Amino acid sequence: MEPITTNPSKLPGWNIDADPENDPTYPMRTRTPDDHKGYTWKRPTLQPVTIEVLQSIERPGITAVFGTSVPPSGLSGVIRRFAFKYSENSYLHWLPLLVADRVNVVEGVLDDLAHGHVPNIFAEKGYPIEWKYDKKGLILKLAAFAAVVAGTTVLLTRKSDKPRQPKPSRRTAQTVGKP
Amino acid sequence: MLAMEYRGPRRIRVTQKPMPEILHPEDAIVRVTRSCICGSDLHLYNGNVPDTRVGQTFGHEFTGVVEEIGSEVTKLKVGDNVLVPFNIACGKCIFCKQGLFGNCHEAAPQASAAGGFFGYSHITGGYNGGQAEYVRVPYANVSPTVIPPGMDLDDAVLLTDVVPTGYQAAEMGGIQTGDTVVVFGAGPVGIMAARCAWLFGAGRVIIIDKEDYRLEFARNYSKCEAYNFQEIGDPVLFIKKQTDWIGADVCIDAVGAEAAGNVLQTITGRKTLLQAGSATAVHWAINSVRKGGVVSIVGVYGPTDNLVPIGNVLNKGITIRANQTAVKRHLPRLIEHIQNGVLNPKGLITHRLALEDVADGYRMFSAKLDNCIKTVLIPSTAGM
């Protein structure tokens, strides 16, 4: 039998959506003169703003609907508010947001502990399923992590072999410097 | 209700959360019957997308039953079985009126570039997603679509993102009859893009990935050629050789920020976030396409800068098309294709998990365990 890849016309649906006009394809611009005037549409009903919503400074006002999943709070919220003072064209917008995300992770752990909940990080990372399907990979990964932690700990706690020389005080140094 | 909750990079769990409420007259509350884990969720899962906040519920692919509607909802009624496209779209703004439902200007106050999506970072509106028992669905008159009688829920849930995204990837390629199409990435979207390339009349479809099981899946599902980039050497050179040194007519980036295959891109894009994700796939697409060809990008990147070979784009006269998918625009055609047996979305599903096992599901998909292609989550409240 002829392989389908050498004669795709036998494939169900082959060429069914071909359109010679489809180049470079959708969307063709179907604008009307009104579309060049900016906010010309009749806006939907506006969702009442009952929480703090950070908004891009590249648009006038808030959108008609918005999510309410996690309003800004804590230190990460402070950083996010700073970020939203800058446009989406600025590193001062995006980089603080990435920092805020990392701060937020620590806040999440602290919040868990404050509520008496010790997060089950092993389960949250899905390691049980990795243990089931890739024991070797998981062991290697955990071993590498342990090695990095151990190495870092040793580096940070290592005492210098040389005995410390007491620094001469400024007054002593001045005294020595005098003829 | 039970819902997935993000706790930090590669850390999620299922917790009890308050029931969602009607906050706007066009809102509906939907009881989730199916939700999926998407490749785009992995960008959030890995902490690559700015303003992803601890405590949010992910999930932008879901079906459900309408439980409650706001006073301005006229197109749905309580009890309707609906599929909910991942875009939140008002249907009234200049962009929605052009069919650009992925670019609605009335759904995400935090950004002017992105539209509103369920369960994504706060730059797409800060909405909770469908990896939960219940979800708030704004603009319920616009995108949510009643599932046609007789349609399998597994087919329906894949119409909320994967199928339209694969289809739009091929459509944006402007494929002409007989074209050679190369798809980078054999995840669910890439596999669907390869399958849909035939519908536009492609003469040859090639898919590139690094996981043999995904390539084997693509060979069988998409009826295309499939190659492992770890075995073919330089993939760009390989494509040139395969196309008589001309290059492919259309290249599709179906990977986005998580791309492997280039050490420097991996370090700067994935590990240290000095770029908005690894741009390996888009590099390969630009460098593999022929002069005057089309590069279609549906892989998701973050909003900050990426190192891409723009000089080659200029010198080769390439057209680049990229967008979040306008799901609603494609639904009528794709429903028809499913009903006529042209497309079989549920064939992508390899795993079914209870919502409670969502952390395992993410790890399995992320680490590519157990030959995972597509995972469906089913809450106990789904009633089936």
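Structure notes:
- Residues of the stretch A:87-94 include at least one that is more than 30 Å from residue B:356 (Cα to Cα), facing another protein chain (nearest Cβ under 8 Å) and not in a helix (DSSP H, G or I).
- Scan of the stretch B:47-71 for residues that are of a type in the set (S, T, N, Q), surrounded by 18 or more Cβ atoms within 10 Å (Cβ to Cβ) and within 15 Å of residue B:138 (Cα to Cα), ordered by number: B:63
- Answer residue from the stretch A:36-56, given it is farther than 18 Å from residue B:108 by Cβ and more than 9 Å from chain B (Cβ to nearest Cβ) and is modelled with the highest pLDDT among those: A:37
- Residue B:208 vs. criteria buried (at least 24 other Cβ atoms within 10 Å of the Cβ) and either at positive phi or over 22 Å from the mean Cα position of the chain (by Cα) (or both): no
- Against the test of being at pLDDT 90 or above, under 20 Å from the mean Cα position of the chain (by Cα) and within 29 Å of residue B:121 (Cβ to Cβ), the options B:329, B:333, B:270 yield a single qualifying residue, B:329.
- Evaluated against (1) assigned to a helix (DSSP H, G or I); (2) closer than 21 Å to residue B:85 by Cα; (3) within 9 Å of another protein chain (Cβ to nearest Cβ), residue B:343 falls short on exactly one condition, (1).
- Test: residue in the stretch B:284-300 that is touching a strand residue (DSSP E or B) at 6+ places or on another chain (Cβ under 8 Å), closer than 16 Å to residue B:179 by Cα and in a loop (DSSP other than H, G, I, E, B): no
- Among (1) part of a loop (DSSP other than H, G, I, E, B); (2) touching a residue at least 40 places away in the same chain (Cβ under 8 Å); (3) under 22 Å from the mean Cα position of the chain (by Cα); (4) within 28 Å of residue B:2 (Cβ to Cβ), the one test that residue B:73 misses: (3)
- Residue in the stretch A:64-81 that is more than 28 Å from residue B:90 (Cα to Cα), within 8 Å of chain B (Cβ to nearest Cβ) and at pLDDT 90 or above present: yes
- Residue match in the stretch A:14-35 (condition: within 23 Å of residue B:326 (Cβ to Cβ), among the basic types (Lys, Arg), at pLDDT 90 or above and open to solvent by 80 Å² or more (accessible area, probe 1.4 Å)): no
- Any hit, the stretch B:307-319, residues being closer than 26 Å to residue B:52 by Cα, of a type outside the set (Asp, Glu) and not in a helix (DSSP H, G or I): yes
- Residue check: residue B:43 meets all listed conditions (1) assigned to a helix (DSSP H, G or I); (2) in contact (Cβ under 8 Å) with a residue 40 or more places away in the chain; (3) under 21 Å from residue B:329 (Cα atoms) but one, namely (3).
- Among (1) in contact with a Leu (Cβ under 8 Å, 6 or more places away or on another chain); (2) without any contact (Cβ under 8 Å) to a residue 12 or more places away in the chain; (3) surrounded by fewer than 16 Cβ atoms within 10 Å (Cβ to Cβ) - the single one residue B:356 does not satisfy: (2)
- Flag if residue A:139 is among the aliphatic types (A, V, I, L, M), modelled with pLDDT of 90 or more and open to solvent by less than 50 Å² (accessible area, probe 1.4 Å): no
- Scanning the stretch B:90-112 for residues being modelled with pLDDT under 90, in a loop (DSSP other than H, G, I, E, B) and open to solvent by 30 Å² or more (accessible area, probe 1.4 Å) gives a total of 0.
- Pairs are defined by a Cβ separation below 9 Å, a sequence spacing of at least 6 or placement on different chains, a first member in the stretch B:126-155 that is at positive phi and at the interface with another protein chain (Cβ under 10 Å from one of its Cβ atoms), and a second member that is among the hydrophobic types (A, V, I, L, M, F, W, C) and outside any loop (DSSP other than H, G, I, E, B); the pairs so defined are B:139/B:88.
- As for the stretch B:221-235, it holds at least one residue that is free of Cβ contacts under 8 Å to residues at least 60 places away in the same chain, among the hydroxyl-bearing types (Ser, Thr, Tyr), within 30 Å of residue B:34 (Cβ to Cβ) and touching a helix residue (DSSP H, G or I) at 6+ places or on another chain (Cβ under 7 Å).
- Consider the stretch B:309-330 and keep the residues that are at the interface with chain A (Cβ under 10 Å from one of its Cβ atoms) and of a type in the set (D, E, K, R). The one that is most open to solvent (accessible area, probe 1.4 Å) is B:329.
- For residue B:338: the one exception among (1) within 10 Å of chain A (Cβ to nearest Cβ); (2) crowded, with 20+ Cβ neighbours inside 10 Å; (3) more than 30 Å from residue B:265 (Cα to Cα): (1)
- Listed by first and then second residue, the pairs linking a residue in the stretch B:237-261 that is buried (at least 19 other Cβ atoms within 10 Å of the Cβ) to a residue that is of a type in the set (Asp, Glu), with Cβ atoms under 9 Å apart and 6 or more places separating them unless they lie on different chains, are B:242/B:225; B:248/B:179; B:249/B:179; B:250/B:179; B:255/B:209; B:259/B:253.
- Test: residue B:74 is hydroxyl-bearing (Ser, Thr, Tyr) and crowded, with 24+ Cβ neighbours inside 10 Å: no
- Selection status of residue B:216, more than 12 Å from the chain's Cα centre (by Cα), open to solvent by 10 Å² or more (accessible area, probe 1.4 Å) and without any contact (Cβ under 8 Å) to a residue 12 or more places away in the chain: yes
- Residue B:64 more than 9 Å from chain A (Cβ to nearest Cβ), part of a loop (DSSP other than H, G, I, E, B) and in contact with a strand residue (DSSP E or B) (Cβ under 8 Å, 6 or more places away or on another chain): no
- The set of residues from the stretch B:281-308 being more than 12 Å from chain A (Cβ to nearest Cβ) and either acidic (Asp, Glu) or more than 26 Å from residue B:111 (Cα to Cα) (or both) comprises B:283, B:284, B:285, B:286, B:287, B:288, B:289, B:290, B:291.
- Count of residues meeting criterion [outside any strand (DSSP E or B) and in contact with a strand residue (DSSP E or B) (Cβ under 9 Å, 6 or more places away or on another chain)] in the stretch B:167-188: 15
The values are calculated or read from the model by the stated rules, or taken from the named source; none is laboratory data. Quick caveat, the model's predicted, so the values are computed rather than measured. Don't worry about glycine lacking a Cβ; one is built from the backbone with ideal geometry, like all the others, and counts go over all protein chains shown. Note: areas computed on protein heavy atoms with side chains; ligands, DNA, RNA excluded. Shrake-Rupley method; radii C 1.70, N 1.55, O 1.52, S 1.80 Å.
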